[in-house]
Amino acid sequence: MRKRYLLLLLLSVVLTLGIPALLGGRRVFEQLLRLNAGSALELVALVLVSWVFNTARLRLLLRATGNRIGWGEGAVVSISTEFAGAATPASAGMPATYVFFFHRLGFKLGR
């Protein structure tokens, strides 16, 4: 099972780097190198803080319906839905991912 996760992680890294390389060539990576380390760290910190707030919002919403979800599960759902939204046109994958995860976790969507 761990080999499968490592293979998926490797595939995601290759696709993440491969798509910009195909679309923009070396210029994309040259522009990325011009970004200073402080700005890059600020961007990463903003992303992490937004994931924490989205997880907290998700937990509050589910608690209002009588369901409970842990921080780990909530983070997985939040992060996955954001990636699905970023990977699909007009963020169409975000609601579908929420529906998938809620169904998988056993929550009734009608509530």
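The values are calculated or read from the model by the stated rules, or taken from the named source; none is laboratory data. Computed from a predicted model, the values in this text were never measured in an experiment. No Cβ is skipped: glycine too gets one built from the backbone with ideal geometry, and neighbour counts run over all protein chains shown. These area figures cover heavy atoms from the full protein model, side chains too; ligands, DNA and RNA do not enter into them. Shrake-Rupley method; radii C 1.70, N 1.55, O 1.52, S 1.80 Å.
Couple of notes before you dig in:
- Dipole-positive endmost among VAL49, THR97, LEU23 within the chain (Cβ charges, Cα centre): THR97
- With N as its number of residues, the chain has a Cα radius of gyration that, divided by 2.2 N^0.38 Å, comes to 1.30.
- Computed from the C-alpha gyration tensor, the three semi-axes of the ellipsoid equivalent to the stretch 60-111 are 20, 12, 8 Å, from longest to shortest.
- Rounded to the nearest 10 Å², the accessible area of TRP71 at probe 1.4 Å: 130
- Ligands, DNA and RNA left out, the 1.4 Å accessible surface of the stretch 34-111 is 69% carbon and sulfur atoms.
- Once the 1.4 Å probe is applied to the protein heavy atoms, the chain comes out at 80 Å² accessible per residue.
- Charge sum, other residues only, whose C-beta stays under 15 Å from VAL77's C-beta, Lys/Arg counted +1 and Asp/Glu -1: +3
- Between LYS3 and PHE100, the FRET efficiency estimated from the beta carbon spacing at R0 = 25 angstrom works out to 0.55.
- The chain: calculated mean residue ellipticity at 222 nm from DSSP helix runs of at least 4, using -39500 (n - 2.57): -27500 deg cm²/dmol
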